[in-house]
Amino acid sequence: MTALRQSVIAKLERVPEDKLDTIIQFINRLVSEDEKKNKTWNLEQFIMPPTERGQNAEAYVRELRDNDRI
């Protein structure tokens with residue numbers, strides 16, 4: 001254990017129990033902020049595979065327009 005950790009633990013042992021909840025909330029906020037910064041998004045998961053309709057969008061729209069005039 002590092003000297004810094006030992007120092008922090010010694011100080012935490014002197015904190016009254018009714019104040020520990022506030023300290024725990026603060027620590028949780030610090031940890032979650034750190035995790036948010038390190039989180040990377042895989043944008044590939046949001047891309048849909050190409051479909052036949054998507055590849056021929058102009059022809060599909062033209063077909064819809066032509067069939068609308070029946």
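The values are calculated or read from the model by the stated rules, or taken from the named source; none is laboratory data. What you are looking at is a predicted structure, and each value in this text was computed from that prediction instead of being measured. Neighbour counts run over all protein chains shown; Cβ positions are idealised from the backbone, glycine included.
For R29, indicate whether it is modelled with pLDDT of 85 or more, surrounded by 10 or more Cβ atoms within 10 Å (Cβ to Cβ) and either among the basic types (K, R) or not in a helix (DSSP H, G or I) (or both).
Answer is yes for this residue.
So in region 32-65, with the set limited to residues that are at pLDDT 70 or above and outside any helix (DSSP H, G or I), which one is farthest from V8 (Cα to Cα)?
N56
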